[in-house]
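Structure first, then comments.
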Amino acid sequence: MKVATWNIERLKHKKNLNDIVRLCNEQHADILVLTETDEQVRPDFKYGFHTPRLSAYPLDLSLPAYYTPTENRVSIYTNYQCVAQHETFDKHTALCVELSTELGNILVYGTIIGVLGNRSPKFNDELKCHVEDFKHLSHKGSLCICGDFNCSFCDNYYYTKLARSELKDVFDCASISLLTENQPECIDHIAIVSSLVENADITVSEWNICKRLSDHKGIAVEVSCR
């Protein structure tokens, strides 16, 4: 199984839309989570699940920026069949679908932790809400968490001590392995329940390393049973 995630920076490089879609398809992922995404990005998958368009955001709630009519925060693409969708703390920011895979049912949770980055006054509150989601959903089945964490774990690239501590603690408590923890200059991550990966070979790969098509690298994890 191959799981991938990429923040495409609100499609700021729309002139390169074909290249962005091509790179998504070239990963040959079984599950692809796109963040800061847009409905104009349509990779070749059988199924797609999306947080709501931000242009339909409730009028009584304030948005941190102007969004185009086709933007949404998270999309999950896959060829696996969805058997259930689970509620998250914020349907505009986090999406959780339960997929039927060769490894059994997996709850794929795609998200952005800190839509304004980790320097925003709201970041710690968003972090807390995510941690509560992870605790709750880890009791419902095998959890796979993907997306923009706004936190590196192995260097000083971009992080907060609180985010590192809180995320590591909840992953430890829920027996979840952060498979991308040792990737340098990496704030987009993939974490999977340890029982699915403890006896497997793990291969991590990256793309858009020059950050020409987005200000984030794309990252993928391939899990191969021994």
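His216 meets the conditions (1) under 15 Å from the mean Cα position of the chain (by Cα); (2) farther than 25 Å from Asn124 by Cβ in every case but one. The failed one is (2). Against the test of being in contact with a strand residue (DSSP E or B) (Cβ under 9 Å, 6 or more places away or on another chain) and assigned to a loop (DSSP other than H, G, I, E, B), the options Lys140, Lys91 yield a single qualifying residue, Lys140.
Conditions tested, residue by residue: (1) assigned to a helix (DSSP H, G or I); (2) under 16 Å from Ile190 (Cβ atoms).
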| site | (1), (2) |
| --- | --- |
| Leu17 | yes, no |
| Leu23 | yes, no |
| Leu32 | no, yes |
| Thr35 | no, yes |
| Pro43 | no, no |
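Please determine whether any residue of the range 77-88 is in contact with a strand residue (DSSP E or B) (Cβ under 9 Å, 6 or more places away or on another chain), at pLDDT below 95, farther than 24 Å from Glu206 by Cα and surrounded by fewer than 18 Cβ atoms within 10 Å (Cβ to Cβ). Looking for residues that are in contact with a strand residue (DSSP E or B) (Cβ under 9 Å, 6 or more places away or on another chain), at pLDDT below 95, farther than 24 Å from Glu206 by Cα and surrounded by fewer than 18 Cβ atoms within 10 Å (Cβ to Cβ), one finds none in the range 77-88, hence no.
For the range 202-226, a residue qualifies if it is of a type in the set (D, E, K, R) and either at pLDDT 95 or above or closer than 24 Å to Arg164 by Cα (or both), and the qualifying residues are Glu206, Lys211, Arg212, Asp215, Lys217, Glu222. Given the condition touching a Phe, Trp or Tyr at 6+ places or on another chain (Cβ under 8 Å), at pLDDT 95 or above and farther than 19 Å from Thr35 by Cβ, answer yes or no: does some residue in the range 179-201 qualify? The answer is yes, given that some residue of the range 179-201 is touching a Phe, Trp or Tyr at 6+ places or on another chain (Cβ under 8 Å), at pLDDT 95 or above and farther than 19 Å from Thr35 by Cβ. The number of residues in the range 169-210 being in a loop (DSSP other than H, G, I, E, B), surrounded by 13 or more Cβ atoms within 10 Å (Cβ to Cβ) and out of contact with any strand residue (DSSP E or B) (no Cβ under 6 Å at 6 or more places or on another chain) comes to 6.
The values are calculated or read from the model by the stated rules, or taken from the named source; none is laboratory data. Only a predicted model underlies this, so the values are computations on that prediction, with no experimental measurement involved. Glycine also receives a Cβ, built like all others from the backbone with ideal geometry; neighbour counts cover every protein chain displayed.
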